[in-house]
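Notes for the one structure printed next.
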Amino acid sequence: EDKVVQSPLSLVVHEGDTVTLNCSYEVTNFRSLLWYKQEKKAPTFLFMLTSSGIEKKSGRLSSILDKKELSSILNITATQTGDSAIYLCAVEALTQGGSEKLVFGKGTKLTVNP
Amino acid sequence: KAGVTQTPRYLIKTRGQQVTLSCSPISGHRSVSWYQQTPGQGLQFLFEYFSETQRNKGNFPGRFSGRQFSNSRSEMNVSTLELGDSALYLCASSSGFTGVETQYFGPGTRLLVL
């Protein structure tokens, strides 16, 4: 069964700290790995990673995929209170029918205190 | 362009009842996916509809069903509600032709089963 595991499940830091969120996966027919930020209700897309070793960066956020280790990390530097959210990792896999499906991890709840 | 809308936003039901949730995708999008999010299980895929046909299905019991109309709006129905069905139900829309990174989530419907 396809599985995505995120760690830690929750994290509390102070503003200015750097955090690293982890995601590991076991899926058949891997296509890509995605990171989302969920603040209140709707998750919003952050990154999509398909190639191993290539870092995607957006401001203070960056992410990298390691296909050999079946894992990815999401780094946030100089954290701000606005970074407080649940960060979701999802893996896109091909189904037997040829369509794509997303398998989500349970998320990491990040709290940034002032 | 209007985003994905879901109605109702909040719902309280009792065990044994049934419920219908609605999702209106972004104009022009033909694919609608439904997810259930609970603290214990995280975000889990329910099913995906594309052009009025169910294209993909997750591992949920038959009490969970859905349909899509010719205008791409989708409904999800849960019959014989159980306490464990209390969750945030998210739908996401995409064109159906591009990758999952172009999937946009709605604000969700919070269902509480008493």
Cβ pairs under 9 Å, 6+ apart or interchain, first in the stretch A:47-70 and among the β-branched types (Val, Ile, Thr), second open to solvent by 90 Å² or more (accessible area, probe 1.4 Å) and in a loop (DSSP other than H, G, I, E, B), ordered by first then second residue, are A:ILE64/A:ILE54; A:ILE64/A:GLU55
Hey, any hits in the stretch B:94-111 for a residue that's surrounded by fewer than 19 Cβ atoms within 10 Å (Cβ to Cβ), modelled with pLDDT of 95 or more, within 14 Å of chain A (Cβ to nearest Cβ) and part of a strand (DSSP E or B)? yes
| query | Can A:SER99 be described as open to solvent by less than 60 Å² (accessible area, probe 1.4 Å) and either away from chain B (no Cβ under 14 Å) or on the phi < 0 side of the Ramachandran plot (or both)? | reply | yes
Scanning the stretch B:36-58 residue by residue, those over 19 Å from B:PHE97 (Cβ atoms) and assigned to a loop (DSSP other than H, G, I, E, B) turn out to be B:PRO39, B:GLY40, B:GLN41, B:GLY58
Only one of (1) within 21 Å of A:PHE30 (Cα to Cα); (2) surrounded by fewer than 19 Cβ atoms within 10 Å (Cβ to Cβ); (3) among the small types (Gly, Ala, Ser) does not apply to B:GLY42, and that is (2)
Only one of (1) more than 17 Å from B:PHE47 (Cα to Cα); (2) more than 8 Å from chain B (Cβ to nearest Cβ); (3) surrounded by 16 or more Cβ atoms within 10 Å (Cβ to Cβ) does not apply to A:THR111, and that is (3)
Considering residues that are closer than 28 Å to B:GLY58 by Cβ and either among the polar types (S, T, N, Q) or open to solvent by less than 60 Å² (accessible area, probe 1.4 Å) (or both), the number found within the stretch A:67-93 is 13
Across the stretch A:76-107, the tally of residues that are within 15 Å of B:GLN41 (Cβ to Cβ) and assigned to a loop (DSSP other than H, G, I, E, B) stands at 3
Checked B:LEU114, B:LEU21 against criteria (within 24 Å of A:LYS40 (Cα to Cα), in contact (Cβ under 8 Å) with a residue 60 or more places away in the chain and surrounded by fewer than 17 Cβ atoms within 10 Å (Cβ to Cβ)); the one match is B:LEU114
Counting only residues that are under 12 Å from the mean Cα position of the chain (by Cα) and open to solvent by 20 Å² or more (accessible area, probe 1.4 Å), the stretch B:26-39 contains a total of 1
Picking from B:SER72, B:SER33, the residue that is of a type in the set (S, T, N, Q), part of a loop (DSSP other than H, G, I, E, B) and either modelled with pLDDT under 90 or out of contact with any Gly (no Cβ under 8 Å at 6 or more places or on another chain) (or both) would be B:SER72
Notebook entry, point to check: Does B:ARG67 fit the bill of being farther than 19 Å from A:ARG31 by Cα, touching an Asp or Glu at 6+ places or on another chain (Cβ under 8 Å), open to solvent by 60 Å² or more (accessible area, probe 1.4 Å) and at pLDDT 95 or above?
Noted result: yes
Note on the stretch A:1-36: residues open to solvent by less than 30 Å² (accessible area, probe 1.4 Å) and within 15 Å of the chain's Cα centre (by Cα) are A:VAL4, A:GLN6, A:VAL19, A:LEU21, A:CYS23, A:TYR25, A:SER32, A:LEU33, A:LEU34, A:TRP35, A:TYR36
| query | Does the stretch B:57-74 contain at least one residue that is in contact with a strand residue (DSSP E or B) (Cβ under 7 Å, 6 or more places away or on another chain), within 12 Å of chain A (Cβ to nearest Cβ) and not hydroxyl-bearing (Ser, Thr, Tyr)? | reply | yes
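The values are calculated or read from the model by the stated rules, or taken from the named source; none is laboratory data. Given the structure is predicted, the values throughout are model-derived calculations rather than measurements. Because the Cβ atoms are built from the backbone with ideal geometry, glycine has one as well, and the counts that use them run over all protein chains shown. Only protein heavy atoms, including side chains, enter the accessible area calculation; ligands, DNA and RNA are left aside. Shrake-Rupley method; radii C 1.70, N 1.55, O 1.52, S 1.80 Å.
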